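What follows is one structure encoded as structure tokens, with my remarks underneath.
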Amino acid sequence: MDDFLIKFFPTVHERKLHAKENNYCKYDDQYLQLFTSSLYLGTKFGRKPTILVASVFFLFGAAVSSSAQNIWMLIIGRILLGFGVGFGNEAVPLFLSEIAPVERRIFFANLVNYGTSKMHPYGWRVSLGLAGVPAVFLFIGSIVITETPTSLIERGNETAGQSTLRKIRGVDNVSSEFEQIKAASEIARQVKHPYKKLMKRSSMPPLIIGILLQVFQQLTGINAIMFYAPVLFQTVGFKNDASLLSAVITGIFICFAEWKVSVMQTAIGGILVAFLTTTGSLTKLQAAFVVVLVCVFVMSFAWSWGPLGWLIPIETFPQETRTAGFAFAVSSNVLFTFLIAQAFLSMLCHMRAFIFFFFAGWILKMGLFVYFLLPETKNVPLDLMVERVWKQHPVWKRFMD
């Protein structure tokens, strides 16, 4: 939004308006990238009380960022939001893995930005402040939600755990699942130092896979495209409102991902190399085709690396090291999210269209990793992962006792 750039990034705004601006470099600003990436500086920490803490950080972060008077107040607000993301990223997937599937949020953020862009001159304050709305729902929800059966049983409250299990499954006979959770919890209680156990050779396969899946998820370039979608669309020739609307369209496609995996980064890079000069612009048809390719890329991600990057680590860590292992995985994710968000606009400026070939190269490496090193975990109970999966895998069996 121009009002936002004028207040916090006037140099970027001037560069954007310049007649001979460089298409790839007009948003190359370290503070602008820090505003985006700082959301992930506070996510290095982190079921029910943790979600409550996350909602409090979200509320404070939304208040500070929406009332910001200078760039550092803006970034402090983002870091507070980052603590909320960190607590949420650690607790919510574990909670949902025992209760329900994960939902998405990017579409709503793009929709809010498009609507508030017309509210001059404080639309950006409304956009940042509305982060408090889901925080209120999260806060109320964290009070009324039940603890998971696993969490209750792990803490010795077996009667409440069994009762909760009956409630969420909707049946009275939950004896088999209850005994499985009870047995796994007993094993977990015997492990006094989960992080120490996590460093043992036999724990390496799920740890390596969990961390690399999270790192590779970011090296698809998904967050670079989703964070900076309006910037990218302005780069290829869309005006401000049109670029925000294109970001909304991209968000819609992420909500309806049904296509098979395909790699669109190379095609996008190829079009920009062939047709987008430093100071020129794409034709309307070429720019529209880029939007279509971005949408197909986003759909492909939402069908594959998006959900499975979170699901597979949850399915592979044994219960005794599950929380510790997932913490490593989440930390790896947010670290690389921060690094890519901080560097992307500068990389776009220096590498130009070849930035998309950079991500395409990583996607190729990731495909080889999946083919050779990622085992199938579908329908394999956690307590049978070692015998059915790790000891049968041609590479990972070497790590097993």
Query raised in the report: When only the heavy atoms of the protein chains count and the probe is 1.4 Å, how do 305, 72, 396 rank by accessible area, highest first?
Result: 72, 305, 396
Report task. For 350, 13, give the ranking by accessible area with the largest first, probe 1.4 Å. Result -> 350, 13
Report task. Can you pull the one-decimal nm distance between simple spin-label points at residue 48 and residue 171, each 7 Å off the Cα toward Cβ? Result -> 2.5 nm
Query raised in the report: Ignoring ligands and nucleic acids, what accessible area does residue 208 show with a 1.4 Å probe (Å², nearest 10)?
Result: 60 Å²
Query raised in the report: For the range 322-401, what is the charge dipole size about the Cα centre, in debye to the nearest 20, if Lys and Arg each add +1 at the Cβ and Asp and Glu each add -1 at the Cβ?
Result: 140 debye
Report task. Measure off 7 Å from each Cα along the Cα-to-Cβ vector at residue 30 and residue 388, then give the distance between these two points in nanometres to one decimal. Result -> 5.2 nm
**Report entry** Flagged links, alpha-carbon separation over 23 Å, of 365/391; 26/284; 16/118; 167/197; 7/118
**Finding:** 365/391; 167/197
Query raised in the report: Excluding ligands and nucleic acids, what accessible area in Å² is computed for residue 186 using a 1.4 Å probe, to the nearest 10?
Result: 80 Å²
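Of 199, 366, which has the most accessible area with a 1.4 Å probe, and how do the rest follow in descending order?
On the way: 199 105, 366 0 Å².
Ranked list, largest accessible area first: 199, 366.
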Query raised in the report: Roughly how much of residue 196 is accessible, in Å² to the nearest 10, using a 1.4 Å probe?
Result: 150 Å²
Report task. Using label points projected 7 Å from each Cα along Cα→Cβ, tell me how many nm separate residue 311 and residue 395, to one decimal. Result -> 2.1 nm
Query raised in the report: Can you work out the FRET efficiency for the pair residue 357 and residue 380, with r the C-beta to C-beta distance and R0 = 51 Å, to the nearest 0.05?
Result: 0.90
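The values are calculated or read from the model by the stated rules, or taken from the named source; none is laboratory data. Treat the numbers as computed from the prediction; the structure is a model and nothing was measured. Glycine also receives a Cβ, built like all others from the backbone with ideal geometry; neighbour counts cover every protein chain displayed. Just so you know, the surface numbers come from the protein's heavy atoms only, side chains and all, with ligands and any DNA or RNA stripped out. Shrake-Rupley method; radii C 1.70, N 1.55, O 1.52, S 1.80 Å.
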